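Quick notes on the structure that follows.
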Amino acid sequence: MKSNLGMRRSFLFMPATDRPKAEKAATIEVDVVVLDLEDGTALSRKEEARQTALTILKEIAFGNRLVMVRINDLRSPFWQDDLAAFSEKMPDGIVIAKTEASSEVEMVAAYIEEQEQKLGIELGRTKLFAVIESSKGLVSIREIAMCTQTFPRLSGLIFGAEDYAGSIGATRTKEGVEILFARSRVVMFAKAFGLDAIDTIYGNFKDLAGLEVETNLVKNLGFTGKLAIHPCQVPVIHQVLRPSEKEIEEARQLINAYKDHQKNGHGVFSWNGRMIDAPNIIQAEEIIIRANLL
């Protein structure tokens, strides 16, 4: 996996105006805290949100948790002011809402590089995540993902199901059949270009059993992380996306068996009732990589 952020499973979103929530997030085991300047902030409170977010970055110690900021989309009148608010201190990452074109990633990346130079911090330190949450974004996803070849700070793609469903006139269902194609496309292009693949929110934060089912589903699709809207969702996401001891041990045994068969000149072999060849080993190695990053 290209991202040097480590394995980030949980992205906890909160309104940037809500400092108490940020203070609480700094005490729980969450991988990424996302201060939201977009949908989580009322139109009348955008400037207040920017200033509060900057204060949070300056005054709250988050330890090994990453702190990112979701800016408004680049078709809004707010995004430039969003970025300008962090001229004194940059967050660990910027999340671009409603990304629909590669040019949007390029513009934000160029702005961030300029800010890093002014602040004298390591170039490339501030990461970018692009949210794919519209039909236009899904159509342009190849070009968006390819931006990482020119701008390595692009570290992941995030799928936003609610806005995506609205953009195509779909009805959201618990089963999620209406978003399966979009989810699969986001994973495919994220993995093709070495990016993290982060799944959408699970809206009913009181339904932890449903969250567990959905997180298992997206794990099987290939997602490596999931958005959260409440702290109670974070442990469930971590539990599902963390490789279990059984998965890790089976992966190690499979890799060792593959090496032994390769030495004996066997490319394909039977193992625990399964036919094994190179693709199975890639999957096993991915489990070991994920376990080592946690």
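Here is a check on your reading of the model: is residue 205 touching a helix residue (DSSP H, G or I) at 6+ places or on another chain (Cβ under 9 Å), surrounded by fewer than 22 Cβ atoms within 10 Å (Cβ to Cβ) and outside any loop (DSSP other than H, G, I, E, B)?
no
Considering only residues that are in contact (Cβ under 8 Å) with a residue 24 or more places away in the chain and of a type in the set (D, E, K, R), look in region 251-294 and name the one that is farthest from residue 238 (Cα to Cα).
252
Any idea which of (1) surrounded by 14 or more Cβ atoms within 10 Å (Cβ to Cβ); (2) within 16 Å of residue 196 (Cα to Cα); (3) not aromatic (Phe, Trp, Tyr) is the one residue 184 doesn't satisfy?
With respect to (1) surrounded by 14 or more Cβ atoms within 10 Å (Cβ to Cβ); (2) within 16 Å of residue 196 (Cα to Cα); (3) not aromatic (Phe, Trp, Tyr), residue 184 is out only on (1).
Per-residue answers, yes or no, for (1) in a loop (DSSP other than H, G, I, E, B); (2) surrounded by 16 or more Cβ atoms within 10 Å (Cβ to Cβ):
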residue: 209; (1), (2): no, no
residue: 220; (1), (2): no, no
residue: 223; (1), (2): yes, yes
residue: 227; (1), (2): no, yes
residue: 247; (1), (2): no, no
residue: 270; (1), (2): no, no
residue: 281; (1), (2): no, yes
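Specify which of the listed residues (133, 143) is closer than 20 Å to residue 190 by Cα, at pLDDT 95 or above, of a type in the set (Asp, Glu) and touching an Asp or Glu at 6+ places or on another chain (Cβ under 7 Å).
Testing whether each residue is closer than 20 Å to residue 190 by Cα, at pLDDT 95 or above, of a type in the set (Asp, Glu) and touching an Asp or Glu at 6+ places or on another chain (Cβ under 7 Å) leaves just 133.
Go through region 104-136 residue by residue and tally those that are in a helix (DSSP H, G or I) and either within 16 Å of the chain's Cα centre (by Cα) or basic (Lys, Arg) (or both).
3
Answer yes or no as to whether residue 145 is out of contact with any Leu (no Cβ under 9 Å at 6 or more places or on another chain), of a type in the set (A, V, I, L, M) and part of a helix (DSSP H, G or I).
Against the criterion (out of contact with any Leu (no Cβ under 9 Å at 6 or more places or on another chain), of a type in the set (A, V, I, L, M) and part of a helix (DSSP H, G or I)), residue 145 does not qualify.
Can we say residue 288 is over 28 Å from residue 25 (Cβ atoms) and in contact with a Ser or Thr (Cβ under 9 Å, 6 or more places away or on another chain)?
So residue 288 fails the test.
List the residue pairs whose Cβ atoms are under 9 Å apart, where the first residue sits in region 123-145 and is buried (at least 22 other Cβ atoms within 10 Å of the Cβ), the second is in a helix (DSSP H, G or I) and of a type in the set (Phe, Trp, Tyr), and the two are 6 or more positions apart or on different chains.
Note: pairs meeting the criteria are 132/164; 132/189; 133/164; 137/164; 141/189; 144/189; 145/189.
Can you tell me which residue is surrounded by the fewest Cβ atoms within 10 Å (Cβ to Cβ) among those in region 16-38 that are outside any helix (DSSP H, G or I) and acidic (Asp, Glu)?
29
Which numbered condition in (1) surrounded by fewer than 18 Cβ atoms within 10 Å (Cβ to Cβ); (2) outside any helix (DSSP H, G or I) is the only one that residue 253 fails?
Here residue 253 clears every test but (2).
This table checks each residue for (1) outside the structural domain of residue 225 (by TED's automatic domain parsing); (2) over 21 Å from residue 10 (Cα atoms); (3) among the aliphatic types (A, V, I, L, M).
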residue	(1), (2), (3)
263	yes, yes, no
268	yes, yes, yes
276	yes, yes, yes
287	yes, no, yes
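When you scan region 56-72, how many residues do you find that are farther than 16 Å from residue 20 by Cα and of a type in the set (Lys, Arg)?
Matching residues across region 56-72 total 2.
Got a sec? Which of 52, 99, 41 is more than 18 Å from the chain's Cα centre (by Cα), in a loop (DSSP other than H, G, I, E, B) and buried (at least 19 other Cβ atoms within 10 Å of the Cβ)?
After ruling out the rest, the residue left standing is 41.
List, please: which pairs have Cβ atoms under 7 Å, are six or more places apart or on different chains, and start with a residue in region 203-220 that is closer than 19 Å to residue 243 by Cα and end with one that is at pLDDT 95 or above and polar (S, T, N, Q)?
211/233
I'd like to know if region 4-15 contains one or more residues that are more than 30 Å from residue 287 (Cβ to Cβ) and either surrounded by 15 or more Cβ atoms within 10 Å (Cβ to Cβ) or of a type in the set (A, V, I, L, M, F, W, C) (or both).
Yes; the residues of region 4-15 include at least one that is more than 30 Å from residue 287 (Cβ to Cβ) and either surrounded by 15 or more Cβ atoms within 10 Å (Cβ to Cβ) or of a type in the set (A, V, I, L, M, F, W, C) (or both).
The values are calculated or read from the model by the stated rules, or taken from the named source; none is laboratory data. What you are looking at is a predicted structure, and each value in this text was computed from that prediction instead of being measured. Note that we place each Cβ from the backbone using ideal geometry, even for glycine, and neighbour counts take in every protein chain shown.
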